[in-house]
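Worksheet: one structure, shown below.
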Amino acid sequence: MKTLKVELADRSYPIYVGSGNLAKLPEMLKLFLSARRYILLSDKNVFVLYGAQLIDSCEEAGLHLQQIIVPAGEKSKSIERFTEVMTKMLKLGVSRDWVVLALGGGVVGDLAGFAAASFMRGLPFVQIPTSLLAQVDSSVGGKTGINHPLCKNAIGAFYQPKLVWIDIALLKSLPKLEVISGLAEVVKYGIIYSRDFFHFCETNIEQMLALDSDICTAAVYQCCAIKAKIVAQDERESGVRAILNFGHTIGHAIETVFGYRRIKHGEAVLLGMLAEAFMAVQLELLNPKEFDRIRQLLAQIPLQTSIAEISFADLFTAMKHDKKALDNRLRFALPKTIGEMIIVIVEKENLIADAFEFIQQNGWQRHKSVR
Ligand SMILES: NC(=O)c1ccc[n+]([C@@H]2O[C@H](COP(=O)([O-])OP(=O)(O)OC[C@H]3O[C@@H](n4cnc5c(N)ncnc54)[C@H](O)[C@@H]3O)[C@@H](O)[C@H]2O)c1
C-alpha cells in the first residue's frame, strides 16, 4: 500500500492507496482514531456490494457501526436528502464522539462530508471512495456540499477528512460509463499540472479504460499526489486551486441545464475541457498543436451523452449562477500549454458561444455504445 499526505498543518491527513485493502480499514481506524462508534453513509449500489464486508470487519475489530443508505446518483446531493440524513443521525443518537464513514462515489463523499461538517458543528469523517472519480478527485481536498436547483454545489463547506482510504480493487464493479466519467478527471491532472502525467495518460489510456490494476494504481496515486500538492498550497481556493476547475465552468453549467440527470459529471467536465481548451486557442493562449494533443486524448474517452438539445441561452444562464462567477463576470482556468494554466476573466459572450458550438459539433459525435 502506498501513502501520501495532504499537508495542512493541524488539518493534515494521509491518503492510502492499495488494492484489496478495504478489510484492513477497521484496524487503521483503531490505530488512527480513538472513536469506537461510526456512522456509515453509503448509497444503495455500493452498500449492496461492499457494505456487509465493511460492517463485518468493523464488528470483528470491535467497532460499533450504524448505517444510513441513500439512493444512488446526483439527486441525493439535495437539500431534502441532507435533511433526511440529519434526522436519521439524530434518531440514531449520534453524538460528537462518533465518526462518519463515507463509502461511495463523489455523491456520497460530498453529502457525507457536508453532513459531518454540519452535524453538531462537526464530526470527524473518513473518505472511502469507490468510484474512479472519487478516488482521483472528490475524496481529497475537503470540498463537501450539496446542490441547489439553481446551482450545482451551491451549499457546502471546506471540511477535511481525517483519512482517505483508497482500494483500487473496488473499481472492478464500476459500470463502464462511470469509468469513463472518472477518466476525464484523470486526464485533467495532466493538462493542468504535469506534461509527464499527460504523456502517461496518452500511453496508457486503453489500459486505464480496461481498469488494469497496476496502471490504475499508478494513475490514482499520481492524481492524488497532484491534488494534495495543490490543496496544500491553497486549501480554500483563493489562488492556485482554481486550476482544478478546468472544464468545470462549462461542465457544471451543462449538468445544471440537464437538471443533474442524464449526463455524468465527468462527461460534462470532458466536454467542458474541450470547450475551454478551444477558448484558450481563440484567445491565443494555447498553441493549436497542443490543443490537438488534448483533443486526441479526450477523443479516446468514449462519451455516451449528446448535448445537441441544449441551447446556449440556457447554458449561459446556468454559468452566471456558478460560484466561479465573480461580480457576474465569468472566470475560467485555461491551459497556456499542457501542464500550465492561467486564470482568465472572459467578458465576451460570443467566445463562449463559439466554444459551445464547437463541442456541440465535435464533442458528442464521438458517442459510442458502452456496456
Ligand atoms: N468534492 C469535490 O472536490 C468534488 C470533485 C469532483 C466531483 N465532485 C462531485 O462528485 C460527484 C460525482 O461523483 P461520482 O462520479 O463518483 O458519482 P456517484 O457518486 O453518483 O457514483 C457514480 C455511480 O457509481 C456507483 N458506484 C460507485 N462506486 C461503485 C463501485 N465500486 N462499484 C459499482 N458501482 C459504484 C454509484 O452507486 C453511482 O451509481 C458529483 O456530485 C460532483 O460534483 C466533488
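The values are calculated or read from the model by the stated rules, or taken from the named source; none is laboratory data. Quick caveat: nothing in here was measured; it's all calculated off a predicted structure. Neighbour counts run over all protein chains shown; Cβ positions are idealised from the backbone, glycine included. The accessibility values were calculated without ligands, DNA or RNA, using every heavy atom of the protein model including side chains. Shrake-Rupley method; radii C 1.70, N 1.55, O 1.52, S 1.80 Å.
Of all residues in region 86-108, none satisfies the criterion of being open to solvent by less than 20 Å² (accessible area, probe 1.4 Å) and among the charged types (D, E, K, R). Of all the listed residues (S213, S194), the sole one being in contact (Cβ under 8 Å) with a residue 12 or more places away in the chain and within 29 Å of L8 (Cβ to Cβ) is S194. Could you go through region 61-72 and let me know if any residue there is closer than 20 Å to P161 by Cα and part of a loop (DSSP other than H, G, I, E, B). Yes, that holds for at least one residue.
The single residue among V85, V46, V70, V6 that is of a type in the set (A, V, I, L, M), at pLDDT 95 or above and more than 13 Å from the ligand (Cβ to nearest atom) turns out to be V85.
If you go through region 259-276 and keep only what is surrounded by fewer than 20 Cβ atoms within 10 Å (Cβ to Cβ) and either more than 12 Å from the ligand (Cβ to nearest atom) or outside any loop (DSSP other than H, G, I, E, B) (or both), you end up with G259, R262. Residue pairs whose Cβ atoms lie under 6 Å apart, sitting 6 or more positions apart in sequence or on different chains, and linking a residue in region 99-119 that is within 11 Å of the ligand (Cβ to nearest atom) to a partner that is of a type in the set (G, A, S) and open to solvent by 10 Å² or more (accessible area, probe 1.4 Å), are G105/S131; G106/S138; G109/S138; F114/G156. Out of all the residues in region 334-351, which are open to solvent by less than 70 Å² (accessible area, probe 1.4 Å) and more than 26 Å from F200 (Cα to Cα)? Selection gives V344, I345, V346, L351. Taken together, the residues in region 277-333 that are within 24 Å of P149 (Cβ to Cβ), assigned to a helix (DSSP H, G or I) and open to solvent by less than 70 Å² (accessible area, probe 1.4 Å) amount to 6. The residues listed here are L49, L65, L111; of these, the one that is open to solvent by 30 Å² or more (accessible area, probe 1.4 Å) and in contact with a helix residue (DSSP H, G or I) (Cβ under 7 Å, 6 or more places away or on another chain) is L49.
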